[in-house]
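Encoded as structure tokens, the structure appears first; notes follow it.
The values are calculated or read from the model by the stated rules, or taken from the named source; none is laboratory data. Since the model is a prediction, treat every value here as computed from it, not as a measurement. Glycine gets a Cβ as well: all are built from the backbone with ideal geometry, and neighbour counts include every protein chain shown. Note: accessible area is taken over every heavy atom of the protein model, side chains too, but ligands, DNA and RNA are not part of it. Shrake-Rupley method; radii C 1.70, N 1.55, O 1.52, S 1.80 Å.
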Amino acid sequence: MTEQNEQNRQSTASAAPILVLVEAVADGRPSSMAAELLGAASLVGVPVAVVTAAPGAGQGVAEQLGALGATQVLVAESEQAGAQLGSVQVAALAAGVGQFSPEAVLVPNTPESRAVAGRLAVRVNGAVCADAVGLRWADEEVIAQHSVFGGDFTSESTVEGGPRIITVRPGSISQRAQPVQAPQIHTATLELSQGAAGAQIREVSEHAPAGDRPALRGAKTVVSGGRGLGSAEGFGLAEQLADVLGAAVGASRAAVDAGYAAPELQVGQTGVSVTPDLYVALGISGAIQHRAGMQTAKTIVAIDKDPDAPIFEIADFGVVGDAFEVVPAVIEQIQARRSG
Ligand SMILES: Cc1cc2nc3c(=O)[nH]c(=O)nc-3n(C[C@H](O)[C@H](O)[C@H](O)COP(=O)(O)OP(=O)(O)OC[C@H]3O[C@@H](n4cnc5c(N)ncnc54)[C@H](O)[C@@H]3O)c2cc1C
């Protein structure tokens, strides 16, 4: 990440419009990825937001986007926005591509938006660069950066021809765009594809994480436990530290397979990818498949009994020791400092 941030600093943003997909959420706010995508757009060009919302809900969201750095906003309202998976987003972005001729279109790298990216590519004759963790502007084009081989290497991609449609990994880009006083707001005319309507959404229900802990995706701090915690009871140690730090809880696959933690907490290649400010690994050896999901964390702290555990190769701070001795002492110190 250090090298990549350095490259980002060296790249100079262009004056080219960069489209960003922003969805309205139920309470009239922009989706949680809006600030990050607009920030990512500002690394390489001029951020232009495309908002999809139910009728009457788009204007309010659009007005909030200047503060996040949108210079212009294209509002696409449709009855279908919450009823059809992806169709309105594809139509809205296609309208934006027609109106602004952007250098790139940014969408979140989530299952829903990856489908939007693919459908949009077909519609506007573009191509997809998937799962970017950074962007830079070089040789008059947008270059997407990807974390590959378990995070050991950063590769770069771009495409020739039509607009680049780039899916951005949530939590990977910390850049934020300068606020814009009064962004220009436009209304999109949507051409909803009749042929391929996309799946109908019957019901949306939020799956809140248990208790007051933050959700794993997008959390600023994550405490993960591995097989080294020995049992479901022992896994409680990760939960205790997480609660003291206000962190989300994660787990290695071995911990999930052993039944210590719920499957949705798995971090890694076949689990959730996270890029928190702080990632604490307790009793996790650091297999390549685990690293693939957390190696882009800003600071990694590892506590493991084995001094040769691979997790120490990527840790910023490492403690060789028994987690059941080290973690209670850490918790005690944190609490003493807070009360002192
Ligand atoms: C196709 C594929 C996909 C996979 N996807 C994932 C994935 O998404 N996520 C993932 O995590 N794994 C994934 N794996 C599994 C991965 O290869 C490892 O097996 C797994 O990450 C190991 O989990 P672990 O580090 O908890 O366990 P281990 O490798 O067994 O490590 C346990 C660690 O705990 C330490 N320890 C033991 N007792 C203590 C103690 N008291 N205090 C401190 N340290 C202690 C040990 O020294 C050891 O380093 C995948 C594997 C495959 C083949």
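Using Cα-Cα distances under 8 Å and only pairs 6 or more residues apart, what relative contact order does segment 279-340 have, in percent? Before the final figure, lay out each step's value.
Values: 76 pairs, mean separation 19.0, N = 62.
Here the relative contact order equals 31 percent.
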Estimated [θ] at 222 nm from DSSP helical runs (n ≥ 4, -39500 (n - 2.57)) normalised by residues in the chain, nearest 500 | -8500 deg cm²/dmol
Cα-based helix-to-principal-axis angle, 111-124 vs the chain, degrees rounded to 10 = 30
Would you check the accessible area of E63, probe 1.4 Å, heavy atoms only, in square angstrom rounded to 10?
-> 120
Percent of accessible area on the chain owned by carbon and sulfur, 1.4 Å probe?
-> 49
Work out the length of the dipole vector of segment 2-187 about its Cα centre, built from +1 on the beta-carbon of each Lys and Arg and -1 on the beta-carbon of each Asp and Glu, and round it to the nearest 20 debye.
-> 200
So for the chain, taking the charge dipole from beta-carbon charges (+1 Lys/Arg, -1 Asp/Glu), which of F312, S155, G82 sits furthest toward the positive end?
-> G82
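Where nothing but the Cβ of Lys and Arg (+1) and of Asp and Glu (-1) is charged, how large is the charge dipole of the chain around its Cα centre, in debye to the nearest 20? Intermediate results must be reported in sequence, preceding the final value.
Numbers: 20 positive and 35 negative charges, 78 e Å.
With only Lys, Arg, Asp and Glu charged at Cβ, the dipole is about 380 debye.
Assuming 1.306 mPa s and 10 °C, estimate D for segment 221-339 with Stokes-Einstein, Rh taken as the Kirkwood radius over Cα pairs, in µm²/s.
Values: Rh = 13.7 Å.
D, rounded to a whole number, is 116 µm²/s.
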Residue (of P55, A177, P30) at the positive-pole extreme of segment 2-187, dipole from beta-carbon charges = P55
How far is helix 87-100 tilted off the main Cα axis of the chain, in degrees rounded to 10, range 0 to 90?
-> 60
Which is farthest toward the positive dipole end of the chain among I18, G39, T71, measuring Cα position about the Cα centre, with Cβ charges +1 (Lys, Arg) and -1 (Asp, Glu)?
-> T71
Could you state the angle between the C-alpha long axis of helix 232-245 and the longest principal axis of the C-alpha atoms of the chain, as a value from 0 to 90 degrees rounded to the nearest 10?
-> 60
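To the nearest µm²/s, what D does Stokes-Einstein give for the chain at 37 °C and 0.692 mPa s, using the Kirkwood radius over alpha carbon pairs as Rh? Don't jump to the answer; show the numbers that get you there.
On the way: Rh = 21.1 Å.
For the chosen part, D equals 155 µm²/s.
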Could you work out the equivalent-ellipsoid semi-axes for segment 68-114, taking the square root of 5 times each eigenvalue of the Cα gyration tensor, largest first, in whole Å?
-> 19, 14, 11
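Placing unit charges on C-beta atoms (Lys and Arg positive, Asp and Glu negative, everything else neutral), compute the dipole magnitude of segment 221-339 about its Cα centre in debye, rounded to 20.
Working: 7 positive and 14 negative charges, 49 e Å.
Taking the Cα centre of segment 221-339 as origin, the dipole is about 240 debye.
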